[in-house]
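For reference, the structure discussed in these notes is given below.
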Amino acid sequence: MPLDLYYNIISPPCRVVLLFAKWLKLELNLIELDVLKREHYKPEFVKLNPQHYIPTLVDGDVIVWESSAVLIYLAEKYGTDDTLYPKDIALRAKVNQRLFYDIGTLMRSVTTYYHPILLGGEGKLEDFKKVQDAVTVLDSFLHGSRWTAGENVTVADFAIAVTVAALDGLLNLDFAVYPNVHRWYEQCKRELVGYTEITKEAAQKTQSFLERFRAMRAAEQQQLCTLQQQHQDVQNEQHEAHQSHRYTELQTLQKPGERENAQTVAPSNTPVDEAKSDESSKMSTED
């Protein structure tokens, strides 16, 4: 019975599981989720995986997500021996360390540096330096060792191999300065079944994804600009209406003032008139 794998090949962790399943010769029922359409948020998928992550593996009643957890599960259940994920505690600790290094150091440095490039900007020099530092560590792991955790291929090699392919495809990293990584990378291409094919298909679909993503982002930016302009127009109209209303109030208040001025002038004339009248009467009397 095939295992259900919810995935998208543009996701490096999904490619890790695809690659390892090929090595184990497992039959997968591939269920592709379009993340730009937010298909990983559909209720039926969230019911399986409340974190809505891909890859998610369904093996009967068992549901596993997080690529490293999926690798370990498949190795322990379907591996023909314990070399892929050793039972020996010391060897297993070494494999675990390599897995955690990939998640927490190597892949993180790549995503941190590449994220602004994905959005149409440029990566920071200090972030690229962290990528170089991480690859230097990997080069030290491979010094005197055929694979990343020893002489046998392990689950760690599948995880790290996909990350290194991203370094090559996305960042065009020069591996010549990392001789051990260069040797191991070429070995992965030769010996990991389906590695080149999966990487090539991912590169093609990633390009299409980026075009769609950037087109959607440009449309969203345009919509945001339109909304901001509409909001500004409304504010301008409200400001103009307020100014007009204020002007009307000032005009209304000015009219009673004019009447008061008129009333103030009239009484000032009265004493003069009365004085003239008294003077005339006086002169008339005197005559």
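The values are calculated or read from the model by the stated rules, or taken from the named source; none is laboratory data. This one's a predicted model, so the numbers in the text were calculated from it and none came from an experiment. Don't worry about glycine lacking a Cβ; one is built from the backbone with ideal geometry, like all the others, and counts go over all protein chains shown. Calculation scope for accessible area: heavy atoms of the full protein, side chains included, ligands and nucleic acids excluded. Shrake-Rupley method; radii C 1.70, N 1.55, O 1.52, S 1.80 Å.
Descriptive notes on the structure:
- For the chain, built as a Gaussian network whose Cα springs stay under 10 Å, the top-fluctuating residue of GLN235, GLN222, GLN51: GLN235
- Surface analysis of the range 1-79 yields an accessible area of 51 Å² per residue, using protein heavy atoms and a 1.4 Å probe.
- Rounded to whole Hz, the Karplus (6.51, -1.76, 1.60) HN-Hα couplings of the range 71-86, x for glycine and proline: 4, 5, 4, 5, 5, 6, 8, 10, x, 7, 8, 9, 6, 5, 9, x
- C-alpha long axis of helix 107-118 to longest principal axis of the chain, angle in °: 40
- Once the gyration tensor of the Cα atoms in the range 81-193 is diagonalised, the equivalent ellipsoid follows with semi-axes of 26, 14, 12 Å, ordered largest first.
- Histogram of C-alpha separations across the chain, 5 Å bin width, %: 1, 5, 9, 11, 12, 11, 8, 6, 4, 2, 2, 2, 2, 2, 2, 2, 2, 2, 2, 2, 2, 2, 2, 2, 1, 1, 1, 1, 0, 0
- Between ARG217 and TYR78, the simple spin-label model (points 7 angstrom out along Cα→Cβ) gives 3.5 nm.
- Solvent-accessible surface (1.4 Å probe) assigned to HIS245 amounts to roughly 110 Å².
- Rounded percent of accessible protein surface that carbon and sulfur make up, the chain, 1.4 Å probe: 54
- Summary: within the chain, the longest segment free of GluC sites (Glu not before Pro) located in DSSP loops with at most 13 other C-beta atoms within 10 Å is 152-287.
- Entries of LYS22/LYS94; LYS42/LYS189; LYS22/LYS129; LYS47/LYS205 with Cα pairs more than 26 Å apart: LYS42/LYS189; LYS22/LYS129; LYS47/LYS205
- For the chain, size of Cβ-based charge dipole, Lys and Arg +1, Asp and Glu -1, in debye: 1840
- ALA176/ASP34 FRET efficiency (R0 45 Å; Cβ-Cβ; nearest 0.05): 0.75
- Built amide H within the under 5 Å cut-off of ASP4, gap 5+: ASN29, VAL58, GLY60
- Cα long-axis angle, helix 89-101 against the chain (0 to 90 degrees, to the nearest 10): 40
- Based on Cα contacts under 8 Å between residues 6+ apart, the chain shows a relative contact order of 17 percent.
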